[in-house]
Structure formats: structure tokens, C-alpha cells
1. Output the number of residues of segment 83-106 satisfying the condition of being open to solvent by 20 Å² or more (accessible area, probe 1.4 Å) and farther than 16 Å from ALA21 by Cα.
2. Looking at segment 54-80 only, could you name the residues that are among the polar types (S, T, N, Q) and either open to solvent by 70 Å² or more (accessible area, probe 1.4 Å) or under 15 Å from the mean Cα position of the chain (by Cα) (or both)?
3. Go through segment 15-34 and give me each residue that's among the charged types (D, E, K, R) and at pLDDT below 85.
4. Condition test on ALA43, is it in contact with a helix residue (DSSP H, G or I) (Cβ under 8 Å, 6 or more places away or on another chain), among the small types (Gly, Ala, Ser) and either buried (at least 16 other Cβ atoms within 10 Å of the Cβ) or assigned to a strand (DSSP E or B) (or both)?
5. Report, by residue number, each residue of segment 65-88 that is of a type in the set (A, V, I, L, M, F, W, C) and free of Cβ contacts under 8 Å to residues at least 12 places away in the same chain.
6. Would you pick out the residues in segment 107-116 that are free of Cβ contacts under 8 Å to residues at least 60 places away in the same chain and surrounded by 15 or more Cβ atoms within 10 Å (Cβ to Cβ)?
7. Under 18 Å from LEU13 (Cα atoms), touching a helix residue (DSSP H, G or I) at 6+ places or on another chain (Cβ under 6 Å) and assigned to a helix (DSSP H, G or I): is that true of LEU101 in this structure?
Amino acid sequence: MDEKKFAWFLLSLDRFQKRLAEFMLGRYLEFDFSGDREDDRLAVTLAFSEAGITVEAFVRLDLERDMGAWPAGVHIPYRRHAEGLDLDEALAFVEARVGELCQRYDDAARLGLVPR
């Protein structure tokens, strides 16, 4: 795999994460942006094989207390999966998932988050 292309891919993932963070800061009063693995933000896993890249994008909510319509506990309200992608396709997949999440107001409303 081309090292420059892979570095560009990782920088793009960082840009998408920042875009999602900016979206949430602009729309809702509370959101946890800690760097913790138990974080509530969009997580993306990548697995590389000879068959191509497998990508999974998901949101994991680990609520210590009831929030809106969600009871306390671990929830995965959003999960998308794709297999056999090349690097450009994997990047496009992640970008599309970030865009999709920025359009999903129903989950945020069910958590009791209100637009500013």
C-alpha cells in the first residue's frame, strides 16, 4: 500500500472526526468529547486483508443514567458495515457515515439533547 496515500487517508479520518465534533457543538448543549475508548462519538474500525478493507462505523452509547427515551446501559443506535473496499472506497464510506450522522436528529432527540 502506498504510504503517502495511507497517511492522507488517516488525515482525512481526523478531518471527518473534527467535522462531526463541530456539528455536535453547534447543535447540542451536552456531548462528551473525551478521548476515552468508551466515548459516545462515531467510532470507525478498519481491517485490512487481501480481499480489501472492511470498515465498520458505529455509535456506542454507554449511559450511566437514563437519558431521554434511553435507559441506562450500553446501546448501539447506529451501525454500518462494508467489506472488500479499496482505500478510496473506505474513505468515501466513512465520509458518507459522518454526513449521515449529521442528518440524524431522531437519536439526539431521543437522548433529550436540544438544539441551541
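The values are calculated or read from the model by the stated rules, or taken from the named source; none is laboratory data. Only a predicted model underlies this, so the values are computations on that prediction, with no experimental measurement involved. All Cβ positions, even for glycine, are placed from backbone atoms using ideal geometry, and neighbour counts span all protein chains on display. Please note that ligands, DNA and RNA were not included when accessible areas were found on the heavy atoms of the full protein model with its side chains. Shrake-Rupley method; radii C 1.70, N 1.55, O 1.52, S 1.80 Å.
1. 9
2. none
3. Listed by number, the residues that qualify are LYS18, ARG19, GLU22, ARG27, GLU30, ASP32.
4. Against the criterion (in contact with a helix residue (DSSP H, G or I) (Cβ under 8 Å, 6 or more places away or on another chain), among the small types (Gly, Ala, Ser) and either buried (at least 16 other Cβ atoms within 10 Å of the Cβ) or assigned to a strand (DSSP E or B) (or both)), ALA43 does not qualify.
5. Of the residues in segment 65-88, the ones of a type in the set (A, V, I, L, M, F, W, C) are 67, 69-70, 72, 74, 76, 82, 85, 87.
Selection gives ALA72 alone.
6. Those that are free of Cβ contacts under 8 Å to residues at least 60 places away in the same chain and surrounded by 15 or more Cβ atoms within 10 Å (Cβ to Cβ): ASP107, LEU111.
7. On the way: under 18 Å from LEU13 (Cα atoms): yes; touching a helix residue (DSSP H, G or I) at 6+ places or on another chain (Cβ under 6 Å): no; assigned to a helix (DSSP H, G or I): yes.
Against the criterion (under 18 Å from LEU13 (Cα atoms), touching a helix residue (DSSP H, G or I) at 6+ places or on another chain (Cβ under 6 Å) and assigned to a helix (DSSP H, G or I)), LEU101 does not qualify.
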